[in-house]
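Novice: Pasting a structure here, questions to come.
The values are calculated or read from the model by the stated rules, or taken from the named source; none is laboratory data. None of the values given here were measured: they were computed from a predicted structure. Glycine also receives a Cβ, built like all others from the backbone with ideal geometry; neighbour counts cover every protein chain displayed.
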Amino acid sequence: MSVTAITLAVMSASVITDYSRGVARWKPDSRGRLEQAALALYDERGFESTTVAEIAARAGLTERTFFRYFADKREVLFGGASALQELLVTAVVAAPADAAPLAAVGGALEAAGALLQQRREFSRQRQAVIASNVELHERELIKLATLAVALADALRERGVRDPAASLTAEAGIAVFRVAFERWADNPHERDLPQLIRESLDELRAVTAVQ
């Protein structure tokens, strides 16, 4: 639940490009300006009614600049998915050798949560847009499923066998989703890494009941 992002996606850009012997300097943080403009328009006009041209104009940039950062207007919301996946997988693989599977996944999720914590307002706005659109919501679920597969593969790389690898990965993503939604929906909620830890503790408590 926008990696990207995911949004994970905590990138800004200051790019220098050479055009036929001439050098053109892009305005700083063009990506961030496009993200802010897109989210504002999605809130005002709705996702379906907003065009790339309108997003670029609101940001004071060109459509050509937009497409240098995003393949389409949906990618404003999902452009950080690959970076989030890489972060999670790297953290799981790098976890201490003696870490239990759920502990390794939990540490990775907290690392992702710490990154997302820096962009709480963007995450909150992104969540609202996705929740209001069926197509976007379905894509978000696909993204989460893809993250679960990647986490399971990372656990297998650590020597965790199935079904334990798949079950742990799916449980971890479920914990992440629940914690993220609480955090994004309530501006007064605690920090995301803390919510992830608490949700993991709840999962452990539930599964420990005989």
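Novice: For L84, all conditions in the list (1) within 24 Å of A37 (Cβ to Cβ); (2) modelled with pLDDT of 95 or more hold save one; what is the number of the exception?
Specialist: Answer for L84: the failing condition is (2).
Residues are listed down the side, and each one gets a yes or a no for (1) closer than 25 Å to A150 by Cα; (2) buried (at least 20 other Cβ atoms within 10 Å of the Cβ):
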position: D43; (1), (2): no, no
position: T50; (1), (2): no, yes
position: E54; (1), (2): no, no
position: A57; (1), (2): no, no
position: G60; (1), (2): no, no
position: D72; (1), (2): yes, no
position: G80; (1), (2): yes, yes
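Novice: Give the number of residues within segment 163-205 that are more than 17 Å from the chain's Cα centre (by Cα), buried (at least 16 other Cβ atoms within 10 Å of the Cβ) and not polar (S, T, N, Q).
Specialist: Going through segment 163-205 one residue at a time, the tally reaches 5.
Novice: Is it fair to say L136 is in a helix (DSSP H, G or I), touching a Phe, Trp or Tyr at 6+ places or on another chain (Cβ under 8 Å) and crowded, with 17+ Cβ neighbours inside 10 Å?
Specialist: Values: in a helix (DSSP H, G or I): yes; touching a Phe, Trp or Tyr at 6+ places or on another chain (Cβ under 8 Å): yes; crowded, with 17+ Cβ neighbours inside 10 Å: yes.
Yes: the conditions hold for L136.
Novice: Looking only at segment 123-161, count how many residues are of a type in the set (S, T, N, Q) and over 18 Å from K73 (Cα atoms). Lay out the reasoning, then the answer.
Specialist: Step one: filter segment 123-161 for residues of a type in the set (S, T, N, Q), giving 123, 125, 127, 132-133, 146.
Among the residues that remain, those that are also over 18 Å from K73 (Cα atoms) are: 146.
Qualifying residue count for the region: 1.
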